[in-house]
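Novice: The structure follows.
What follows draws every value from the coordinates through simple rules; no lab data is involved. Here the structure is a predicted model, which means the values were calculated and not measured. Glycine gets a Cβ as well: all are built from the backbone with ideal geometry, and neighbour counts include every protein chain shown.
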Amino acid sequence: MSSRLTPQPFEWIERARPLRFTLEGEAIDALQGDCISSALWANGVRILGRSFKYHRPRGIFSLANHDINALFEYVDDTHLRGDVTPVPAGINLTACNTLGGLKQDRYRWLDQLSPALPVGFYYKVFHKPRWLFPFWERLLRHTAGLGQVRSSWRRRITPKWYEHCDLLVIGAGPAGMAAALTAAEAGADVILVDEHPHIGGSLDYQWTNDPGAEAPRATLKQGVTAHPRIRIMTATVAAGYYQDQWVPLAGPAGIAKTRSRALIVATGVIEQPAVFRNNDLPGVMLASAAQRLIARYAVKPCERAVLLVANAEGYRAALDLQAAGVELIAVVDLGEPAERGPLASKLAATGVEILAHHGLYAASGKDRLSAVSVAPLGADGSLDDTQERWLRCDGVILSVGWAPAAHLLYQAGATLGYSQTLEQFVPLELPPGIQAAGRVNGVFELQAQIEDGRRAARAALAELTAATDVASEIKTSGPASNHDLAQYRDPNAHSHPWPIVAHPKGKNFVDLDEDLQLEDLLQAAREGFDNIELLKRFSTVGMGPSQGKHANMNAIRVLAKVLGKAIDETGSTTARPFYHPLRLDDLAGRRFRVHQRSALHERHEQAGACFMEAGAWQRPEFYGKAEQREARVREEVAAVRGALGLIDVSTLGKIEVLGRDAARLLDAAYSMRMTRLKAGMTRYALMVDEAGVIIDDGIVGRLGEQQYYLTATSSHANATYRSLTRFALEWGLQVRLVNRTGQLSAMNLAGPNSRRLLAELIDIDLTDDAFPYLGLREATIGKIPARLMRVGFVGELGYEIHVPYHRGAELWDLLMRKGQPYGIRPFGVEAQRRLRMEKGHIIVGQDTDGLTTPFEVGMSWAVHLKKPFFVGQRSLQILKPGTARSLVGFELQPGHGWPEVAECHLVIVDGDIRGRVTSVAFSPARGRIIGMALVDSEVAGLGRTLPIRATDGVLVTATQVAMPFYDPDGLRQQADVQRQEVA
Amino acid sequence: MASIATLDSMQPVSPTATRSVSLQPRARPLWHLLGPGSPGAVQSAGLPLPEIMQAAALTDGFIARTGREEFLIAATTPPTADGLCCWCYGRDDRVLALTGPDWRRVMAQVCHADLRGFGPNDWQLLAAAGVNLWCLGIDEGLLLGCDPSLGHYLQQTLTEVVRDLTAASGQSGVQPTSQRPTPTLAPEPASASASASPSRIGDQL
């Protein structure tokens, strides 16, 4: 560990806890608390990654979660950012985006080709010929080295959760801590969040050696840590801002979806680089990166440093480096050192050479920095390269300016403008509930940051107490009247307006993510991409993993200069979530897959049911083992046709419609007349939408003058309830609706023996006169109160029985026990589908689609166009004359030898698609395969053939036949016939 | 390998502890009373009438006002009142008791509602884990009620959350306090006091 310093006052490392990992097989010693990059730097490793396009060597640059060229992976993860990822003990890391390792990356020759790869090269070259593009795409993707996703990774589940607070403060630096403490002391419930593992922010790396920071540091850090109203979340990124003040906080445990009444953004600033030739060599780094290395990880950034400065912070960094034992070769000031304040004087007193009005022209070195050239600035701001002077060094430290980390402010709708005074963007107007404080607000002096944090807290509290629903214990403290955002802003610029130096040989990078040089942006502007958004998309500036955090500001400056416009006129790009990338497993969270079970679920399990999903419901498809499916289904069908079957239909929608206008509501909501329905009777109910498209069907029964009970399809039950509720409200009807779908069990007792069994158990007369077909009755079965409807979906004498949820199993048991002599057998959804198909009954959503009208499926009888009104009536009046499609029945000859026909197979006539199969299965009653198909009316016709293309492309010829396929006169569900049969 | 995730947390999040929580089904007869005459029916039955919506009054069970003219009543027998225009249906809601000092952390994983100020006797309709619920505050926890067909899913989901939080607190070195019972899940029979048809109170509209 050649570069490890003596203990630093606020270091994050634990010296008593050494760790070891390997990088490409080489052992690296580290300390608990190190990040990957700091550990490597401490061990003298300078090449931490390779750049995206040219595979240039890259080292530490920001050490602030923006060093996206230093990405690592291991067998269980990829794209680990070295500058923030804690050292993984015992792991063998490799670098992303290399072929053959960091040092011997075989793609590094690409750097030599850069003159031949100007901006837009890929767009212009690789799209022709078109057929070659997939080849180039694969090659380029492979070359770009985006890391490897392995299917062998262990599965991670990181549940998301919700947090709530009065005030969310983002950024635990001096301004954020002051804001949190002020608000908490006033009674607010505060969450203080910071993306770093420790609170303190710039206090603990930029102000480390400043005696004036000691007292505020102690007060703020101890204050927020001890305050019971402040919850601190560290190592947690505020990833974005969403409507209604929702902010996802992504931390080690996952994402906390946080909603606050007020929000203070104290996210600070992002240090910006200077642009000069070879400004990306390992050893060139931002001043704040050098300070972080020293303060957090006790690592010496370099041995011999040259600093490029344009603000007082640069001199503070120089003093910090000096204190860490770094030899300062020179400080190169883009302006006048006398304007930098006492820190510049203090440094000058140490004898360090300070070059006023100078800049850096170029850096040099093979794989790492070895020297940098300086030159005086001319009156026009350009360097006079005739006076270029080379300085030997292994570190170039850049302190030329800042950009606000204002992404959340932009997302919240804040207005920002460019301050000529500060030479940076600052907030001008903030939306309600949002405040900005500290350096993001253009406030740089430490005490001013603290005061600005307090100001922001008071402003937030004033908004909170002004709200009518605010917690009464929150009190405003101090003056709430002065909410001037600019009150504490610095009067001097901390950023240079043009830290950019042209060089005839290029390699002066504006965007290190995308390897974009100054000439690339100038060329893009020359080609006409002279709008900042166009420039971004053409050149890809700001589109790398750091999303332009180091590139956008300089790119705007370049474009502004080309256009001769001010920065404000040039504009800025959109700052979209997420602020930093989030893990996909964090985004996925816990899976909530709602499923419903009927009260009979355990009975089905006991009977050996094979379950299927029907919407959210779990329903028995059939009873038996999977490999016995066809045989069991046929047995179940046979039981219903020949004796007695029982099916769980609890999934049906069950809705009570009550009140004076119940009949009016149903008359207008369904296509059939409901007002004339007699009490004790039911009627088929078809619901269409405004376009006349079938959306649901079921049964409507009348229990009394103002009391109806209806069923809806399983998948549409809730939607039907919502539609009816909406209609009642829109039409101003006196109606109450109760959705009892889940509260009631329902089962259908069907088969020629159904009435005989039921007669033994029920307390009402079941004769046809007393309980006719389509009748509705309330009765007691055994001791169970029940509602019965005599309907025949499966085409046999049958009773649909509805009972309370908790009595369902009791009734099932009773019917199964007492039904044994009658040959009772439970049947599942598949048997029911076949039974109803034999009867020609449709299933909405299976035999219909999103365009199907009642006329197309032969249900004109269910549409009463003469009614005064119903939803979809006008559309159906228009559509009736020109029905384009028809639902037809078909059958295949027994032993046809063709491949299996399945639902959704297409009907092909003369090479054109003319329809599709909606239902198909073997019919025991017909002894052959039957089905339904929705086809163009032109190809419909009894006796005509129906060519169906099966899965393997073979055309199967079916014959159109009349429906229903079974009992066309409906005699088997009529009581009279049953009496004869029973007799 | 797992150390990467845990090492991120160099400073603990506050509050830190996931202490024990208990989730148990409870039997509770419930009634859904609605209609213009329902407030009168409540008063006629001698029950307290919650004046505002989303509030409940405690009886031997509770009576919650779910709408202007709608109530959810936990009582052995339904309220009856002649001459009043309302309907009453039995409900077989699945009722779960979530108790323990960390019940809010459990709910925070499934529900976006702000339950910081939710305490004993408070009542609210909300959605959790994709399911509509009613909840009643009890000592150090909640009673949660949902459609019985969703009861299995809700119980399973909450049990998973309790299990995961308990495991996570164990990993972070925070042990359940000795006074707290280990999370348990003891099935009990569901409610047995509802009927298929409405228990009509008074005349038709």
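Novice: On a full-extension model of 0.36 nm per residue, what is the gain between residue A:945 and residue A:356, subtracting their alpha-carbon distance, rounded to one decimal in nm?
Specialist: In short, 202.7 nm is gained.
Novice: Under the definition of Cα pairs under 8 Å and six or more residues apart, what whole-number percent is the relative contact order of chain A?
Specialist: Dividing the mean separation by the residue count of chain A yields 8 percent.
Novice: Sequence gap at least 6, Cα distance under 8 Å: using those rules, report the relative contact order of the stretch A:45-125 to the nearest whole percent.
Specialist: This gives 29 percent for the stretch A:45-125.
Novice: As a footprinting exposure proxy, order A:2, A:114 by other Cβ within 10 Å, with the fewest listed first.
Specialist: Going from least to most buried by this count: A:2, A:114.
Novice: Kindly put A:63, A:355, A:286, A:942 in sequence by how many other C-beta atoms sit within 10 Å of each C-beta, fewest to most.
Specialist: Ranking A:63, A:355, A:286, A:942 by Cβ neighbours within 10 Å, fewest first, gives A:942, A:355, A:286, A:63.
Novice: Can I ask one more? What angle, in degrees between 0 and 90 and rounded to the nearest 10, separates the Cα long axis of helix A:446-466 from the longest principal axis of the Cα atoms of chain A?
Specialist: Roughly 30 degrees, rounded to the nearest 10.
Novice: Same structure, new question: Hey, what number do you get for chain A at 222 nm if only DSSP H runs of n ≥ 4 count, each worth -39500 (n - 2.57), divided across all residues, to the nearest 500?
Specialist: Helix-only estimate at 222 nm: -7000 deg cm²/dmol.
Novice: Put a dot 7 Å past each Cα toward the Cβ at residue A:957 and residue A:769; how far apart are the dots in nm?
Specialist: 5.6
Novice: For residue A:328, what residues show an amide H to amide H distance below 5 Å, using hydrogens built from the backbone and excluding near sequence neighbours?
Specialist: HN-HN under 5 Å from residue A:328: A:305.
Novice: Please state the charge dipole magnitude for the stretch A:696-829, taken about the Cα centre, from unit charges on C-beta atoms (+1 on K and R, -1 on D and E), reported in debye and rounded to the nearest 20.
Specialist: Roughly 320 debye, rounded to the nearest 20.
Novice: Report the charge-dipole magnitude of chain A in Debye, nearest 20, computed about the Cα centre from +1 at each Lys and Arg Cβ and -1 at each Asp and Glu Cβ.
Specialist: In debye, rounded to 20, chain A gives about 2240.
Novice: Separate question: Could you calculate the contour length gain from residue A:729 to residue A:675, that is, 0.36 nm times the residue separation minus the distance between their Cα atoms, to one decimal place in nm?
Specialist: Full extension of this stretch gives 17.5 nm more.
Novice: OK, next. Charges only on Cβ, +1 for Lys and Arg, -1 for Asp and Glu: so what's the dipole of the stretch A:497-542 about the Cα centre, in debye to the nearest 20?
Specialist: Dipole of the stretch A:497-542, to the nearest 20 debye: 160 debye.
Novice: To check you understand DSSP bridge types, tell me what percent of the beta bridges within chain A (both residues inside) are antiparallel, rounded to 5.
Specialist: 75
Novice: Quick check on my link table: of A:53/A:505; A:346/A:366; A:507/A:549; A:103/A:300; A:536/A:561, which ones sit more than 24 Å apart, alpha carbon to alpha carbon?
Specialist: Going by Cα-Cα distance, A:346/A:366 fall outside the 24 Å limit.
Novice: Okay, moving on. Would you mind ranking A:687, A:177 so that the residue whose beta carbon has the fewest other beta carbons within 10 Å leads the list?
Specialist: Fewest-to-most Cβ neighbours within 10 Å comes out as A:687, A:177.
Novice: A follow-up question, please. For residue A:379 and residue A:125, what is the calculated FRET efficiency with R₀ set at 35 Å and r taken between the beta-carbons, to the nearest 0.05?
Specialist: Efficiency for this residue pair is about 0.25.
Novice: Rounded, prolate or oblate: which fits the stretch A:796-926 when a ≥ b ≥ c are the square roots of the eigenvalues of the alpha-carbon gyration tensor, with rounded for a/c under 1.5 and prolate only if a/b beats b/c?
Specialist: Note, shape of the stretch A:796-926 comes out oblate.
Novice: Run the numbers on the stretch A:785-937 and let me know its relative contact order in percent, using alpha-carbon pairs under 8 Å that are six or more apart.
Specialist: After rounding, I find 19 percent.
Novice: Where a Cα-Cα gap under 17 Å defines reach, which aspartates and glutamates qualify for residue A:124, not counting those fewer than 8 residues away within the same chain?
Specialist: Partners within reach: A:137, A:520, A:527.
Novice: Let me ask another. What lysines does residue A:866 reach when the alpha-carbon gap must be under 18 Å and sequence neighbours fewer than 8 apart in one chain are set aside?
Specialist: By straight Cα distance, residue A:866 reaches A:880.
Novice: Mind checking the angle between helix A:717-730 and chain A's longest principal axis? C-alpha axes, 0 to 90 degrees, to the nearest 10.
Specialist: 90
Novice: Need the list of aspartates and glutamates near residue A:160 for cross-linking: C-alpha distance under 14 angstrom, and skip anything on the same chain fewer than eight residues off.
Specialist: A:585, A:586, B:160, B:164
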